[in-house]
Each structure stands twice: as structure tokens, then as C-alpha cells.
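Colleague: Sending over a structure as C-alpha cells; questions will come in a sec.
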Amino acid sequence: MSILDQLACSLGRRDEVPNQELARWIVAADDRDGVREVAENLRNRDKNIQSDCIKVLYKVGYLKPELAAPFALDFLKLLKSRENRLVWGGMIALSTVAALAADELFPRWEEIRRAMDSGSVITRDGGVLTLAGIASTSQERGAAIFPYLLGHLRTCRPKDVPQHCEKILQAVNAGDKSEFIAVLEERLEDLQGTQVKRVQKVIRQAKER
């Protein structure tokens, strides 16, 4: 049975179990040819195959980022798709490999920003993690990207502040932690309950950097 035959749509399934099982099999076998075949079919004419392939790839990225990282620029291309599920799928895939593929992604980080600004909630969530991953890899990259991430924290929905600051923490260094903490302390006024506790925990972690 070929790789494509194992996709959910090929099996007539509407759930994600076949795609998840295929990703786990690829990772267990360290099947680089299999990953390449899945990535090549991101350009398949069948939108269902495209959608299942990106789901397999971001699952591979979660489990073993180094297998998915060589295809980061393929994921980036999906951000311009007219199919929303390919846009958010591409962004999730990017978030799993951002640090490993930072050399390729940093020169084009504003493409990620634009997709994040105009995208769905899932796309924005993945975009925050993607940009934070790239920013975490060097002082130069952090200096370019971190101000945008801070601006996002200042204006995002209160319900998004806890998870987004948790994702951005990896990009915080000793030089910019004070501003990061100040923004979070301002946003505490908008939060309540467990949201406050999560942000306070991030503040404590940032102070230790």
C-alpha cells in the first residue's frame, strides 16, 4: 500500500486517525522518502489529498521535527493558499520546525506575519509560535521579530494572552525581558481566574532569564 493509499480521504474516512497513524509510522521507520512523498503531494490537484498531507506533516513535525524541517519552504507556500485549511495547516507545520528551519524562514518572516494578521484564530496561534521559534535562534532574529510579538501581546484578545505569552517566552532574553514583563503586567488587568495565574507564572519565568 502506497503512502497516499493510507491517507484518511483515500480510505473514505472523515476522521484524523489514519493520518495520525501514518505520521507515527513514518516517524517510527524514520522514512525520509515517505515524508518527501507526502510533501510532494501538497501540490496534488485533489484538495482532500493536500489537506490530509499537511495534517500528516505537522503530526510528523510534532513527533520528530527534523524529519519535517527540510520542507519548511513548502509549508510557507501554503500560507498564500485560497484554502483556509491549508493555510492554518501550513502554519501549524511551520510552528513545529521554526527553530530548525530558521535560516530559511527568517528572511521571509514578514510573510508569516502577514498570514498571521489576516488569518484565522488557528493561523494566528500557529504564527505566534512560529515567529517565537525563529526569534529564539539568534539575537539578530529576535531584534527583528520580538517587537512585533510584543505589539501582538498588547492588542490580542484577553483570552489569547496566556497561551500566546507562553509561546513567546522562548524568544525572551535578558535584554528585552523587562519590556515583556511590563506588557504582561498591563494585560493582567484584562484577565481573570486561571488566566491571571498562567500569566503570572510566565512573568516569574521571564524574570529568571
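The values are calculated or read from the model by the stated rules, or taken from the named source; none is laboratory data. A quick note: this is a predicted structure, and the numbers were derived from the prediction, not measured. Positions of Cβ are generated from backbone atoms using ideal geometry, with glycine treated the same way; all protein chains shown enter the neighbour counts.
Colleague: Out of segment 39-93, which residues are among the polar types (S, T, N, Q) and either closer than 17 Å to Leu105 by Cβ or not in a helix (DSSP H, G or I) (or both)?
Modeller: Within segment 39-93, Asn44, Ser81 meet the criteria.
Colleague: Kindly establish whether Arg36 is assigned to a helix (DSSP H, G or I), closer than 19 Å to Thr137 by Cα, among the basic types (Lys, Arg) and modelled with pLDDT of 95 or more.
Modeller: It is false that Arg36 is assigned to a helix (DSSP H, G or I), closer than 19 Å to Thr137 by Cα, among the basic types (Lys, Arg) and modelled with pLDDT of 95 or more.
Colleague: Could you check segment 97-209 for helices (runs of 4 or more DSSP H) lying wholly inside it with 3 or more residues that are touching an Asp or Glu at 6+ places or on another chain (Cβ under 8 Å) and farther than 19 Å from Tyr58 by Cβ?
Modeller: 139-155, 194-207
Colleague: For segment 80-96, name all the residues that are among the aliphatic types (A, V, I, L, M) and under 12 Å from Tyr58 (Cβ atoms).
Modeller: Leu86, Met91, Ile92, Ala93, Leu94
Colleague: Specify the residue that is surrounded by the most Cβ atoms within 10 Å (Cβ to Cβ); the eligible residues are those in segment 183-193 that are in contact (Cβ under 8 Å) with a residue 24 or more places away in the chain and of a type outside the set (D, E, K, R).
Modeller: Leu184
Colleague: Count, please, the residues in segment 7-40 that happen to be crowded, with 19+ Cβ neighbours inside 10 Å and of a type outside the set (Gly, Ala, Ser).
Modeller: Total meeting the criteria: 8.
Colleague: Restricting the search to segment 147-182, which residues are of a type in the set (Val, Ile, Thr) and exposed (fewer than 15 other Cβ atoms within 10 Å of the Cβ)?
Modeller: Selection gives Thr155 alone.
Colleague: Could you give me the residue pairs with C-beta distances under 9 Å whose first residue belongs to segment 60-79 and is on the phi > 0 side of the Ramachandran plot and among the hydroxyl-bearing types (Ser, Thr, Tyr), whose second residue is surrounded by 22 or more Cβ atoms within 10 Å (Cβ to Cβ) and modelled with pLDDT of 95 or more wherever it lies, and which are 6+ apart or on separate chains?
Modeller: From residues that are on the phi > 0 side of the Ramachandran plot and among the hydroxyl-bearing types (Ser, Thr, Tyr), there are no pairs.
Colleague: Please find, among Glu186, Glu208, Glu140, Glu166, the residue that is among the acidic types (Asp, Glu), at pLDDT 95 or above and over 23 Å from the mean Cα position of the chain (by Cα).
Modeller: None of the other options fit; the residue is Glu186.
Let's see how each residue does on (1) surrounded by fewer than 19 Cβ atoms within 10 Å (Cβ to Cβ); (2) of a type in the set (Ser, Thr, Tyr):
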position: Gly61; (1), (2): no, no
position: Lys77; (1), (2): yes, no
position: Arg82; (1), (2): yes, no
position: Thr96; (1), (2): no, yes
position: Pro107; (1), (2): yes, no
position: Ile122; (1), (2): yes, no
position: Ser138; (1), (2): yes, yes
position: Ala144; (1), (2): yes, no
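Colleague: If you don't mind, another one. Looking at segment 46-55 only, could you name the residues that are among the hydrophobic types (A, V, I, L, M, F, W, C) and over 11 Å from Ile92 (Cα atoms)?
Modeller: Scanning segment 46-55 gives Ile49, Cys53.
Colleague: Looking at segment 40-58 only, could you name the residues that are within 15 Å of Ser2 (Cβ to Cβ) and in contact with a Cys (Cβ under 8 Å, 6 or more places away or on another chain)?
Modeller: Listed by number, the residues that qualify are Asn41, Asn44, Asp46, Ile49, Asp52.
Colleague: Which condition does Ile134 not pass, out of (1) of a type in the set (A, V, I, L, M); (2) closer than 16 Å to Val172 by Cβ; (3) surrounded by fewer than 20 Cβ atoms within 10 Å (Cβ to Cβ), if it passes all the others?
Modeller: (3)
Colleague: So, one more: Could you check segment 1-58 and list, in sequence order, the residues that are touching an Asp or Glu at 6+ places or on another chain (Cβ under 9 Å), of a type in the set (A, V, I, L, M) and more than 22 Å from Ile122 (Cβ to Cβ)?
Modeller: Within segment 1-58, Ile3, Leu4, Leu11 meet the criteria.
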